[in-house]
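Novice: I'd like to ask some things about the structure below.
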Amino acid sequence: MRTAVHPAQKRILAVLVTAQILSGAGLAAGITVGALLAQDMLGSTSLSGLPSGLFTIGSAAAAVIVGRTSQHLGRRIGLSVGYAAGAAGSLGVVIAAATGSVLLLFLALFVYGAGTATNLQARYAGADLASPQHRGRAVSTVLVATTVGAVAGPNLVTATGQLADALNIPRLAGPFILASVAYAAAAAVLWTMLRPDPLTTARAIAADAADPAGEPPEQEATSTRNGRSAHLMLGAAVMVLTQLIMVAIMTMTPIHMQHHGHDVSAAGLVIAVHVAGMYLPSPFSGLLVDRFGRMAVAAASGVTLLGAGLLAALAPPNSVVLLAFALALLGLGWNFGLVSGTAIITDTVPLATRAKTQGAVDVAIALAGAGGGMASGLVVAASSYTALAGIGGALALAIIPAVAYTARPAHR
């Protein structure tokens, strides 16, 4: 059982943190103005959830590529390639907006999703060399770094819009200019500085210890294959469900606000608060996961998302404060689910197949986000934002019986 901190771990975390700060700004562009840009170009509210669906489908495809590339060539190459693709997709959105090409917009949003997938997969790199007792905190350190760029990004909507005006392109394309630069910079940082590679180093340590499978002690404590499968399924299910709920409500919030007289700056502020809720509590979440266990925090994610959905459904449309608070809770519930689910997956999967399995899980997460994003516009068009938020909150309760079932002694 490895308990000592690897001498390269602090440097690896520092490099990952730097890249995440940069990539956070790229991540926020699609969240903040993607739906508004599509609404302007398509002239339809019912399709305004399409951008979220497209870049999350692209995220699913990228998760497979980044996971398999990391499995064979290491995290440095896998993550760098993913961020480079995100930069290319962001630039494509800018060109599509400038030329009015809806087809190019769809294609570029698909490629842009690679940045989102890579931003999420970077959390696994933080855990590769962490001891089991500190995996939650290692994951959370990488996640919290995203906060800086992701919170700054939405608040730069006005400034980037002015830049877009100066370049004679639509104002809503401005944040994607920032995204292209941010993702390219993140790729450059990882390509040049993520040495030694955390995954290949972890494998070498496992091989030296005559444990080529690299199974963590939590897996040794799992007495049956069915028990291991149950934990793997739970970790994936928690992250998939929290992603679906979070993306669905988040995607339609700017549209909901715009329909009730709020401008894009107000929507950007609410999304900035939401993104802060997604990433800023990560150190707290990691501490809870390491101290009280993965299951307790996973269950807490369901309760928190229920509260977020109910508050978003009941908040007066003219109250930016209450909507921001609801979206902050939405982000916190997602964070609880992501940190606890990531720790469960990393505990369960051996090093020999870790990156590939993590990539496959992130595919499911991305597809859930795609479904949530595309369905959200249809639900709101057919009913209301209130119905969407209420349904999302109710769905979150499914996490609690799943945790209770998996935590039974037979699955330990």
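Values in this text are rule-based calculations from the coordinates and carry no lab data. Remember, predicted model here, so these are calculated numbers, not experimental data. Neighbour counts run over all protein chains shown; Cβ positions are idealised from the backbone, glycine included.
Novice: About the Cα centre of the chain, what is the dipole size in debye to 20, counting +1 per Lys and Arg Cβ and -1 per Asp and Glu Cβ, all else neutral?
Specialist: About 760 debye.
Novice: Continuing with this model, one more query. When only Cα pairs under 8 Å and 6 or more residues apart are kept, what is the percent relative contact order across segment 259-412?
Specialist: The value is 33 percent.
Novice: Taking the 0 to 90 degree range and rounding to the nearest ten, how far is the long axis of helix 135-152 tilted relative to the main principal axis of the chain, both from C-alpha atoms?
Specialist: With rounding to tens, the tilt is 20 degrees.
Novice: Using just the helices of the chain, give the 222 nm mean residue ellipticity in deg cm²/dmol: DSSP H runs with n ≥ 4 each add -39,500 (n - 2.57), and the total is spread over all residues, rounded to 500.
Specialist: Value at 222 nm, helices only, nearest 500: -27500 deg cm²/dmol.
Novice: With springs only between Cα atoms under 10 Å apart, run a GNM on the chain and tell me which of G136, G161, G67 wobbles the most.
Specialist: Evaluated over the chain, the most mobile residue of the options is G161.
Novice: Rounded to whole Å, give me the distance from the Cα center of segment 346-371 to that of segment 130-149.
Specialist: Between the Cα centre of segment 346-371 and that of segment 130-149, the gap is 17 Å.
Novice: Say a paramagnetic label sat at a point 7 Å from the Cα of I400, along Cα to Cβ; which residues of segment 306-341 have their backbone N under 20 Å from it?
Specialist: 306-314, 329-338, 340-341
Novice: Please give, to one decimal in nm, the separation of the simple spin-label points placed at V303 and R408, each 7 Å out from Cα toward the Cβ.
Specialist: Each label point lies 7 Å from its Cα, and together they span 2.3 nm.
Novice: Let me ask another. Sort K10, K356 so that the residue with the fewest other Cβ atoms within 10 Å of its own Cβ comes first and the one with the most comes last.
Specialist: Ascending Cβ contact count within 10 Å gives the list K10, K356.
Novice: Round to the nearest 10 and give me the degree value, 0 to 90, for the angle of helix 354-382's Cα axis relative to the longest principal axis of the chain.
Specialist: 30
Novice: Using the charge dipole of segment 9-411 (Lys, Arg: +1 at Cβ; Asp, Glu: -1 at Cβ; taken about the Cα centre), state which of I177, G371, I77 has its Cα farthest towards the positive end.
Specialist: Going by the Cα projections, it comes out as I77.
Novice: How high is the relative contact order of the chain? Use alpha-carbon pairs under 8 Å, at least six apart in sequence, and give a whole percent.
Specialist: Contact order relative to length: 26 percent.
Novice: Return the ratio Rg/(2.2 N^0.38 Å) for the chain, where Rg is computed over Cα atoms only.
Specialist: My calculation over the Cα atoms of the chain gives 0.93.
Novice: Can you give me the angle between helix 264-279 and the longest principal axis of the chain, using Cα atoms only, in degrees from 0 to 90, rounded to the nearest 10?
Specialist: The helix 264-279 is inclined about 10 degrees to the chain.
Novice: Between T158 and I205, with labels modelled 7 Å along Cα→Cβ, what's the label distance in nm to one decimal, could you check?
Specialist: In this crude label model, T158 to I205 measures out at 4.8 nm.
Novice: Defining a contact as two alpha carbons under 8 Å apart and six or more residues distant in sequence, what relative contact order in percent does segment 277-347 show?
Specialist: Dividing the mean separation by the residue count of segment 277-347 yields 50 percent.
Novice: Tell me, in nm to one decimal, what length is gained between L103 and V321 on full extension, where the rule is 0.36 nm per residue of separation less the Cα-Cα distance?
Specialist: So the chain would gain 74.8 nm between L103 and V321.
Novice: A follow-up question, please. Please find, in a Gaussian network model of the chain (springs between Cα atoms separated by less than 10 Å), the residue of A184, A130, A207 whose mean-square fluctuation is greatest.
Specialist: For the chain, modelled as a Gaussian network with Cα springs under 10 Å, the answer is A207.
Novice: Place +1 on the Cβ of every Lys and Arg and -1 on the Cβ of every Asp and Glu in the chain, take the dipole about the Cα centre, and give the residue among T251, A207, L36 whose Cα lies farthest towards its positive end.
Specialist: A207
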